[in-house]
1. How about segment 198-267: which helices (runs of 4 or more DSSP H) wholly inside it have at least 1 residues that are crowded, with 17+ Cβ neighbours inside 10 Å and of a type in the set (A, V, I, L, M)?
2. Could you tell me whether any residue of segment 169-177 is in a loop (DSSP other than H, G, I, E, B), of a type outside the set (Val, Ile, Thr) and closer than 27 Å to LYS315 by Cβ?
3. Quick check on segment 228-240. Is at least one of its residues of a type in the set (Lys, Arg) and more than 15 Å from the chain's Cα centre (by Cα)?
4. Can you name every residue in segment 305-336 that is over 24 Å from PRO242 (Cβ atoms) and touching a Leu at 6+ places or on another chain (Cβ under 9 Å)?
5. Within segment 120-165, can you find the residues that are more than 17 Å from the chain's Cα centre (by Cα), part of a loop (DSSP other than H, G, I, E, B) and either charged (D, E, K, R) or under 20 Å from ALA259 (Cβ atoms) (or both)?
6. Those residues that are assigned to a helix (DSSP H, G or I), of a type outside the set (A, V, I, L, M, F, W, C) and within 17 Å of GLY131 (Cα to Cα), I need them from segment 35-92; list them, please.
Amino acid sequence: MRLTRRTLIKAGTSAVAFPTIISRAWSQDAKPLHVGVYNSALGKLIQKEVIPKFEAEFKCRVFTTEGATLSNIAALRATRDAPRYSVMMMDDVGIPQAKQEGLIDKLDPGKIPNLAKVYPRYIFEDGYGVGFSISSAAMFINPQVTKPLESYEQIFDAKYRKQILLNTPKNTQSVLMLIVATALVTGKPLKEAQYLVDSGWDKLASLKPNVLTIYDSEAQVLQVAQGQATIGGIEYSKAIYPHTAKGMPLDMTFPKEGAFTGINSMTVVKNAPEPELGAALINRILEPSVAKMLSEQTLSAPSVSGIDFKPETVKYLAYPDTKATDLGLFTPDWNFIVPRRGPWLERYNQVFTS
């Protein structure tokens, strides 16, 4: 995901053409609520399990447009002069950009009482966004043939020549790998290394002989389970654990340097046509019973406290909040990173395609 002004403008020209999925209508005069959801299993789950009940209770019609963070922000830019959406989902990486562009509004705790149950680390930009589905991000392995990694340094070992799956530079995870390389070469923790990435390029380039392929599809993670590669990443747990739960030989591994978060989030759109309904939908998704259902189905952690999970589920989740701390999960400073992402991406491509 390359979040730059030029890319967003370009993407915005096509954003309004995205297909809109219309859920069940309760009456012809019901208020319409337009919502941007993820084009993923999580988005489809919300459309199937959350929205119909919400429509019935609030006597409204919910129109959902599927997209990823970049396209969802572009859709907001394209409709700025005639706001269409009331709620837009985007990853935490996109919230600073959307706030700076004046595309989203501050969440109102009075209208979203379940915000009080959200762990503080998942409230973004002074209340302009709230996380609701949290993945961890690190390397993944086939546990039947590879021991958990003690350090990211191990993936640079020559014994892994042509055995590493590397996530595409197009994805946010590439920035995370750059931060890892910088942490290794500087000896700084990830939180400090993110500001020193100019020091990490040579280290990152030294990984190139070990890269079997650069993948851009979540389906390709199965190459590790099938023995075609030994280690992969950096990847979000939501792309790995559903396979693990089905018995595939795939598992996340959390080196001593720490790991990262991947946070699906919600925002209220600036000048939303239906701000009250939008706030009510966000509140519904943050309802503990709904948050639990989403977590059980996607194996991503909820952001709200006080939920009990069965052992077979909670083992996959960075939950409760103390477990996220124990795993060393770190959320990058996207305000610092996003403006620099474009040049980093160009250099990243040069490193691995030259």
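Rule-based calculations on the coordinates, nothing more; no lab input. In this text, all values refer to a predicted model and were calculated from it rather than measured experimentally. Note: ideal-geometry Cβ built from the backbone for every residue, glycine included; neighbour counts use all protein chains shown.
1. On the way: elements: 201-205, 222-225, 241-245.
Once the helices (runs of 4 or more DSSP H) in segment 198-267 are filtered for at least 1 residues that are crowded, with 17+ Cβ neighbours inside 10 Å and of a type in the set (A, V, I, L, M), what remains is 201-205, 222-225.
2. Scanning segment 169-177, I find at least one residue that is in a loop (DSSP other than H, G, I, E, B), of a type outside the set (Val, Ile, Thr) and closer than 27 Å to LYS315 by Cβ, so the answer is yes.
3. Pass one, segment 228-240, residues of a type in the set (Lys, Arg): 238.
Imposing the further condition that a residue be more than 15 Å from the chain's Cα centre (by Cα) reduces the set to none.
The answer is no; no qualifying residue exists.
4. Within segment 305-336, PRO332, TRP334 meet the criteria.
5. ASP126, ASN142, PRO143, THR146, LYS147, PRO148, LEU149, GLU150, SER151, ASP157, ARG161, LYS162
6. Filtering segment 35-92 for residues assigned to a helix (DSSP H, G or I) gives 41-58, 69-78, 92.
Imposing the further condition that a residue be of a type outside the set (A, V, I, L, M, F, W, C) reduces the set to 43-44, 47-49, 52-53, 55, 57, 69, 71-72, 77, 92.
GLY43, THR69, ASN72, ASP92, listed by residue number.
Residue-by-condition table, conditions (1) in a loop (DSSP other than H, G, I, E, B); (2) in contact (Cβ under 8 Å) with a residue 40 or more places away in the chain; (3) over 16 Å from GLN173 (Cα atoms):
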{"position": "VAL290", "(1), (2), (3)": "no, yes, yes"}
{"position": "LEU294", "(1), (2), (3)": "no, yes, yes"}
{"position": "ILE307", "(1), (2), (3)": "yes, no, yes"}
{"position": "THR313", "(1), (2), (3)": "no, no, yes"}
{"position": "TYR316", "(1), (2), (3)": "yes, yes, yes"}
{"position": "THR325", "(1), (2), (3)": "no, no, yes"}
{"position": "ILE337", "(1), (2), (3)": "no, yes, no"}
{"position": "PRO343", "(1), (2), (3)": "no, no, no"}
{"position": "GLU346", "(1), (2), (3)": "no, no, no"}
